[in-house]
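Only one structure is covered here, and it is reproduced in the block below.
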Amino acid sequence: MAPYVAVQLSAQQNGGGGGIAPLVLLLLLGAVTYLMLIRPQRRRAKQLRQTQAVLSPGVEVMTTAGLYATVVSCDDETVTLETSPGVHSRYARAAVARILTPPAADEQPMDEALPPGP
């Protein structure tokens, strides 16, 4: 008897398969992949879209290339940034990675906001 036929006969005699365990393992692997990779990436993409939607003149930003600048004007697809006084550059709105918000004058720094320790 050929080895292939012997393996088939052996599988048929043992119940024909591994049962439900491989299916559960596959579903568990899919759930872990979703929770560890896909869901956090969607959250970051949503946050980035919200950041880019609230751009307005006067806001300090950092681009994806690491350029720090102030927004001068913006439209639906582009944003004009001022890197130095009088130096304006036009970027795609999607190039803005984050908005830099300096602490307001009435807010206390984090060290002073904490109660004194023992």
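If you go through region 25-49 and keep only what is more than 12 Å from the chain's Cα centre (by Cα) and not hydrophobic (A, V, I, L, M, F, W, C), you end up with G30, T33, Y34. The single condition among (1) at pLDDT below 90; (2) in contact with a Lys or Arg (Cβ under 6 Å, 6 or more places away or on another chain) that M36 does not satisfy is (2). Give the residues of region 45-86 that are touching a helix residue (DSSP H, G or I) at 6+ places or on another chain (Cβ under 9 Å), of a type in the set (S, T, N, Q) and surrounded by 15 or more Cβ atoms within 10 Å (Cβ to Cβ), sorted by residue number. Hits for region 45-86 are Q52, T63. Looking only at residues in region 41-57 that are aliphatic (A, V, I, L, M) and not in a loop (DSSP other than H, G, I, E, B), the one that is nearest to D76 (Cα to Cα) is A53. Number of residues in region 46-88 that are over 13 Å from R98 (Cα atoms), touching a Leu at 6+ places or on another chain (Cβ under 8 Å) and of a type in the set (S, T, N, Q): the value is 1.
The values are calculated or read from the model by the stated rules, or taken from the named source; none is laboratory data. None of the values given here were measured: they were computed from a predicted structure. Using ideal geometry, Cβ is built from the backbone for each residue, glycine included, and neighbour counts are taken over all protein chains shown.
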